[in-house]
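See structure below.
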Amino acid sequence: MKRASLALSIALLCLVASACQRTADVIPDNLKGRVDRDLRYSDIKDHPETYRGKLMLAGGRVLSAKRTQQGIELTVLQIPLSAELIPAGPDSETKGRFVIIDRKDQVPDPAVFDDEKKRVTVVGEVLGSTTIKIDDVQQQVPELAVKHITIWDWDHRNAGYGPYYGYGYPYAWGYRGYYGYPFYW
């Protein structure tokens, strides 16, 4: 009985530690005290100029990525962040779109976002608003400058998101055997 209790305690501790590690990776140490963790997308959606210069967390699914004169520009469908700061909810929970500008080469290449399941969590500085075209309509959306970005890759083994390490499936999560998951040899 004591062994089972000890094993359960250790498993729970590992789970909590891994969740804390993920959160720590999303907000780097040099930005921890500067990020307004209470500032939400819904706050800046209609009046982003009011929050100009503030650092916030935002996340969602990348709809488009392109290289511009300013840097790499990402258009993101906003999705609320989980407790682990992962935009893992369904797209139907969105409150709108926003644009991220990467001027400091945080994003290696726009081609990283060719997969429709790529999601990001960004520590961004609110720049104000910009105009994007959605279908045939021009719309004002918030614009953020990237201070730090975490690119989440779909984990095919666990059916969830994990950090992207620069290699596509199946290599991002290690070698899975000749036939791949779930057919190991």
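The values are calculated or read from the model by the stated rules, or taken from the named source; none is laboratory data. Quick caveat: nothing in here was measured; it's all calculated off a predicted structure. Positions of Cβ are backbone-derived with ideal geometry, glycine not excepted, and every protein chain shown enters the neighbour counts.
General observations
- Filter result for the condition that a residue is surrounded by fewer than 21 Cβ atoms within 10 Å (Cβ to Cβ) and modelled with pLDDT of 95 or more, over 54, 66: 54
- Per-region count, the range 103-130, residues under 14 Å from the mean Cα position of the chain (by Cα), under 19 Å from residue 57 (Cα atoms) and not small (Gly, Ala, Ser): 8
- Checklist (1) under 21 Å from residue 72 (Cβ atoms); (2) surrounded by fewer than 19 Cβ atoms within 10 Å (Cβ to Cβ); (3) at pLDDT 90 or above applied to residue 146, failing item: (2)
- Residue that is nearest to the chain's Cα centre (by Cα), among those in the range 134-154 that are part of a strand (DSSP E or B) and of a type in the set (D, E, K, R): 153
- Number of positions in the range 110-133 that are without any contact (Cβ under 8 Å) to a residue 60 or more places away in the chain, in contact with a strand residue (DSSP E or B) (Cβ under 7 Å, 6 or more places away or on another chain) and not charged (D, E, K, R): 6
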